Amino acid sequence: MGLKSILIFVKAKDDTKDNTGKESWNKDGLMQRSIRAIKEAVPEILLMTDVALDPYSSFGHDGIVKDGEIVNDETVEALVKMSLSHAEAGADFVAPSDMMDGRIGAIRNAFEKNGFNKTGIMAYSAKYASCFYGPFRDALDSAPGFGDKKTYQMDYANRTEAIKEALQDVEEGADIIMVKPALAYLDIIREVKNTLHVPVSAYNISGEYAMIKAAVKMGWLDENKAILETLTAMKRAGADMIATYFAKQALQLMNDY
């Protein structure tokens, strides 16, 4: 179909979840086996992998929990182990989606020390605490077991923090900057694109996908037109890359033009 890259996530079994995330760097874990299998079958595809602890956390949070709080530094140590295991399995890019402070620099340093200087990092630099993540969390059974993720994800009313976080991640070694979500954050995509000189990615997330699908089911929208218009809006805002569940459908529509 012409699809050149994929971003993969895992749904971990309940008996592999704990508060350390150790399953995330298991060399024979689901993610690691998937990376090897995909690269063996389709070696030319650019393979990006999600790096975060929430699929593996018994609390459903992106970090290790102590006394009811997410601890940053211990989480970063776990994320480094996870990233190295993905690189060893053959990932072309790791995509840390956790929003812990300092994790991009720590992962980049670990890659350099372990000979993975060609493995890229796509940093979720501007990831907002959004209500639109719901369908994804339901699918992965990774909703927070307590509280929410507002202590480490960004306030959706804050624009300037996105630039600060993106600049910091580039300084620490990020190759691509991610803005997530996309549709309600087109201004953020443009702000980041205007400020930085690295590729900018936008994530057309599950809630955005579900809204179109639901409206189409009700007969309120033309699905093909809605897909192309919303993806074009993200591109127009400045996205060099778009992660979307509409990928195959969008490719088919574009090929038909």
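The values are calculated or read from the model by the stated rules, or taken from the named source; none is laboratory data. If you're wondering where the values come from, they're calculated on a predicted model, not measured in any experiment. Cβ: placed from backbone, ideal geometry, glycine included. Neighbour counts: every protein chain shown. What goes into the accessible areas is simple: the full protein's heavy atoms, side chains included, and nothing from ligands, DNA or RNA. Shrake-Rupley method; radii C 1.70, N 1.55, O 1.52, S 1.80 Å.
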Cβ pairs under 7 Å, 6+ apart, first in segment 181-207 and more than 12 Å from Ala126 (Cα to Cα) and touching a residue at least 40 places away in the same chain (Cβ under 8 Å), second acidic (Asp, Glu) and open to solvent by less than 10 Å² (accessible area, probe 1.4 Å): Leu183/Glu208
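Mind checking which residues of segment 36-59 are within 30 Å of Val71 (Cα to Cα) and among the charged types (D, E, K, R)?
Asp50, Asp54
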Neighbours by Cβ (under 9 Å, 6+ apart or cross-chain): first from segment 59-75, under 19 Å from Pro96 (Cα atoms) and acidic (Asp, Glu); second open to solvent by 70 Å² or more (accessible area, probe 1.4 Å) and not in a loop (DSSP other than H, G, I, E, B): Glu74/Lys66
Meets criteria (open to solvent by 30 Å² or more (accessible area, probe 1.4 Å), closer than 23 Å to Gly102 by Cβ and in a helix (DSSP H, G or I)) for Lys81: yes
Selection count where residues are surrounded by fewer than 17 Cβ atoms within 10 Å (Cβ to Cβ) and either within 15 Å of Ile205 (Cα to Cα) or under 20 Å from the mean Cα position of the chain (by Cα) (or both), scope segment 233-248: 4
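From Glu229, Glu171, which residue is closer than 22 Å to Arg103 by Cβ, of a type in the set (D, E, K, R) and surrounded by fewer than 16 Cβ atoms within 10 Å (Cβ to Cβ)?
Numbers: Glu229 fails: closer than 22 Å to Arg103 by Cβ.
Glu171 is the lone residue from the list that is closer than 22 Å to Arg103 by Cβ, of a type in the set (D, E, K, R) and surrounded by fewer than 16 Cβ atoms within 10 Å (Cβ to Cβ).
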Leading residue by the ranking (nearest to Leu183 (Cα to Cα)) among those in segment 210-226 that are among the charged types (D, E, K, R) and open to solvent by 100 Å² or more (accessible area, probe 1.4 Å): Lys225
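In segment 18-38, what count of residues is obtained for those that are over 13 Å from Ala52 (Cα atoms) and part of a loop (DSSP other than H, G, I, E, B)? Quick ask: steps written out before the conclusion?
First, the residues of segment 18-38 that are over 13 Å from Ala52 (Cα atoms): 18, 26-30, 32-38.
Keeping just the survivors that are part of a loop (DSSP other than H, G, I, E, B) gives 26-29.
Of the residues in segment 18-38, 4 are over 13 Å from Ala52 (Cα atoms) and part of a loop (DSSP other than H, G, I, E, B).
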Residue within segment 71-92 that is acidic (Asp, Glu) and in contact with a Phe, Trp or Tyr (Cβ under 7 Å, 6 or more places away or on another chain) present: no
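Can you name the residue in segment 39-77 that is part of a strand (DSSP E or B) and of a type in the set (D, E, K, R) and, of all such residues, is farthest from Thr16 (Cα to Cα)? So that I can check it myself, show each step before the final result.
Of all residues in segment 39-77, those part of a strand (DSSP E or B) come to 46-51, 57, 64-66, 69-71.
After this cut, where a residue has to be of a type in the set (D, E, K, R) as well, the list is 50, 66, 69.
On the way: Asp50: 17, Lys66: 19, Glu69: 22 Å.
So, considering only residues that are part of a strand (DSSP E or B) and of a type in the set (D, E, K, R), the one farthest from Thr16 (Cα to Cα) is Glu69.
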First in segment 101-128 and more than 18 Å from Ile8 (Cβ to Cβ) and among the acidic types (Asp, Glu), second anywhere and assigned to a helix (DSSP H, G or I) and open to solvent by 10 Å² or more (accessible area, probe 1.4 Å), Cβ under 8 Å, 6 or more apart: Asp101/Asn72; Asp101/Val76
Residues of segment 1-15 classified as open to solvent by less than 100 Å² (accessible area, probe 1.4 Å) and either free of Cβ contacts under 8 Å to residues at least 40 places away in the same chain or not β-branched (Val, Ile, Thr) (or both), total: 6
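Considering only residues that are among the hydroxyl-bearing types (Ser, Thr, Tyr) and either under 23 Å from Ile176 (Cα atoms) or in contact with a Ser or Thr (Cβ under 9 Å, 6 or more places away or on another chain) (or both), which ones fall in segment 21-77?
Listed by number, the residues that qualify are Ser24, Ser34, Thr49, Tyr56, Ser57, Thr75.
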Index of the failed condition, Gly63 passing every other in (1) touching an Asp or Glu at 6+ places or on another chain (Cβ under 8 Å); (2) farther than 23 Å from Ile104 by Cβ; (3) open to solvent by less than 40 Å² (accessible area, probe 1.4 Å): (2)
Pairs with Cβ under 9 Å, 6+ apart, first in segment 25-52 and open to solvent by less than 50 Å² (accessible area, probe 1.4 Å), second of a type in the set (Val, Ile, Thr) and assigned to a helix (DSSP H, G or I): Gly29/Thr16; Ile45/Ile38; Leu47/Ile35; Leu47/Ile38; Thr49/Ile35; Val51/Ile107
